[in-house]
Amino acid sequence: MTGPLAERFGERARVTESYGDTTVDVEPADWIELLTFARDDLGCAFFDWLTGVDDPPTGFQIVAHVYNPGSGLRLLLRTSVPRDEPRLPTAVGVYRGANWHERETYEMFGVVFDGHPHLVPLLLPDGFEGHPLRKDFVLAARVAKAWPGAKEPGESGHGAPSRRRTLPPGVPADWGPPDAGPPDA
């Protein structure tokens, strides 16, 4: 599989194979060319999904999975966009099925897909602020309402000795009850 990709993209693409799957990484400038090549030259006519991956501190990976139903070829196509300016050209002109996935990625990660025909929120309620799949997004519900799961060890009066109470990951130290501050250094 690396032959046609290397011939077309040369050093502009990094192709790796793992567990029978082929992954192709390119720069954002080559994203649409890679998707078009996968569809037109490699026969990957089936667009499966597209999503984002928060990769702090640098930015976000945009990942698409495409498939050739005739040969069974599966490709994982990736590019990275910077955290401070997460923009990428839309893939809707190559794969119409990318429309919904790009809207979801825009809403959940804040990645803007330039040229998208209708880049508006898709899943969250009107007026929602923030991007909930970013790792720096604070899950306020974990602070406003106690976690309904099992108690921390030592809180129930049985079991292990008590330990210092901590806030859930991603919650600022000034949120929540006073005894739930950051652990002592």
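No value in this document is a laboratory result; all are computed from the given coordinates. Note that the coordinates shown come from a computational prediction; the quantities given were computed from them, not determined experimentally. For neighbour counting, all protein chains shown are included, and Cβ atoms are generated from backbone atoms with ideal geometry for every residue, glycine included.
Note on Arg12 and Glu27: the model spin-label points, each 7 Å out from Cα along the C-beta direction, lie 0.9 nm apart. Expressed as a fraction of 2.2 N^0.38 Å, the value expected for a compact globular protein of N residues, the C-alpha radius of gyration of the stretch 65-109 is 1.36.
Taking packing as the residue-averaged number of other Cβ atoms within 10 angstrom, the listed peptides 21-28, 81-88 run from highest to lowest as 21-28, 81-88.
When the chymotrypsin sites (Phe, Trp or Tyr not before Pro) in the stretch 63-131 are filtered for DSSP coil states and for at most 13 other beta-carbon atoms within 10 Å of their beta-carbon, the remaining sites are Phe128. The length gained by stretching the chain between Leu76 and Val53 to full extension, at 0.36 nm per residue less their Cα-Cα distance, is 6.9 nm.
Fully extending the segment from Val138 to Val120 would add 4.2 nm, taking 0.36 nm per residue of separation and subtracting the current Cα-Cα distance.
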